[in-house]
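The values are calculated or read from the model by the stated rules, or taken from the named source; none is laboratory data. Remember, predicted model here, so these are calculated numbers, not experimental data. Virtual Cβ from ideal backbone geometry, glycine too; neighbours counted across all protein chains shown.
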Amino acid sequence: MQRREFIQKTAMLGAMALLPALAYGTEPVSVYELTFHFDLSARKNECSLWIPLPSDIKGFQSVTELGVRTNASTAFETAANSYGARTFFAEWKRGANQKTVDILIKVATQDRKCDFRKRALYSEAVNEARRFLLPSAHIPTDGKIAEMASKIVGNEKDELKKAKKIYDWIVANSYRDESVKGCGIGSPNAMLAELEKSGKMGGKCLDMSALCVALMRASKIPAREVLGIRLGASTLSAAFGSGEDITKAQHCKVEFFISSIGWIPCDPADITKLVLKEQIVKDSPRAKALAEKFFGFWENNWLALNYARDIELYPANTQGVLDQFGYVYGEDGGEYIDPFSPSAYSYKFTSKKIYS
């Protein structure tokens, strides 16, 4: 089969030339080279892959090169879904001997810090954010979620203070459960049910992020989970970083919208990982300081992919709507391939910092 190559976006820039594209203030810029490798050659049925790709985020990440090498019979990039989530689709016919995709990405990142200053926002931005007040199949805003949100925020009217109360409550009442597969199932009701039953609320990043989003939406604050992947070492803690093999380094964060400020980043889950990995307590000065820092902050060793939940893929997949699109999604003869088992695909992701 003839080998195909697609270059979706290429800007052959030296590392220093990336600085003006990202620098807002004096935050340092890092540049990473990533490879996403997939090999489904052992599967003899018709196979399809939908691979999440990163997009630019002003002041945080800029994708400067993206190239794809594949022998798929059909292959193209698309954002034809309700979230505009950038996707690479590849399909192989039944009996194809080789089924491989290699995605090469160069991305520049810098720390994303919110200064919480009020600013004038375009009405379009405010109107677009309202979508993220709505409930979805996996993000309820009524019932137990509404009751808990009301209990947490009380009589507080200020949007930012309400968001901070919700964030602080999740940090204080959750713990990292290493037995959970992947990033978790992202069910806010399941988290509250566990809290009610056992007085504890365990999970991983998608679980805590989804609960944070649901509670914020129930409190009339637009919010969304952002699925992504760690790129390398953290300057803050080994708990927040990865090595060069990032195959299992997926991580979910949150951003919420305040009408007088805009979208604000936060991470309600990683303090539980810090506590577990460093064997410290949540009320230690270190944990408290980092919890405070992470309200309004994303570190630059993480790549955002999309904020899609309950997403309909394009082209349409056999199995239907996806819960989340932070992992590759694949089908073998129309049957789901488990993305939490890289060996099921023979896939591997790597990341190397080439400038900082």
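Numbers at a glance
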{"quantity": "Among the candidates A291, A233, A287, A239, residue that is within 30 Å of T35 (Cα to Cα) and not in a loop (DSSP other than H, G, I, E, B)", "calculated": "A239"}
{"quantity": "Evaluation of L274 against (1) at pLDDT 95 or above; (2) over 14 Å from A239 (Cβ atoms); (3) aliphatic (A, V, I, L, M) (one fails), failing number", "calculated": "(2)"}
{"quantity": "Filter pass, G59 being of a type outside the set (F, W, Y), under 30 Å from W263 (Cα atoms), modelled with pLDDT under 95 and exposed (fewer than 14 other Cβ atoms within 10 Å of the Cβ)", "calculated": "no"}
{"quantity": "Set A249, A316, A223: member being within 25 Å of E33 (Cα to Cα) and modelled with pLDDT of 95 or more", "calculated": "A249"}
{"quantity": "Flag for E331 being under 16 Å from I51 (Cβ atoms), of a type in the set (D, E, K, R) and at pLDDT 95 or above", "calculated": "yes"}
{"quantity": "Test: residue in region 276-285 that is touching a residue at least 60 places away in the same chain (Cβ under 8 Å), touching a Lys or Arg at 6+ places or on another chain (Cβ under 6 Å) and not polar (S, T, N, Q)", "calculated": "yes"}
{"quantity": "Complete set of residues in region 307-356 that are assigned to a loop (DSSP other than H, G, I, E, B), free of Cβ contacts under 8 Å to residues at least 12 places away in the same chain and within 16 Å of T247 (Cα to Cα)", "calculated": "D338, S341"}
{"quantity": "Selection count where residues are in contact with a helix residue (DSSP H, G or I) (Cβ under 8 Å, 6 or more places away or on another chain) and closer than 15 Å to I51 by Cβ, scope region 334-352", "calculated": "3"}
{"quantity": "Exclusive hit being free of Cβ contacts under 8 Å to residues at least 60 places away in the same chain and within 30 Å of R43 (Cβ to Cβ), set E77, E65", "calculated": "E65"}
{"quantity": "Region 320-345, residues that are among the small types (G, A, S), surrounded by fewer than 18 Cβ atoms within 10 Å (Cβ to Cβ) and touching a Ser or Thr at 6+ places or on another chain (Cβ under 8 Å)", "calculated": "G334"}
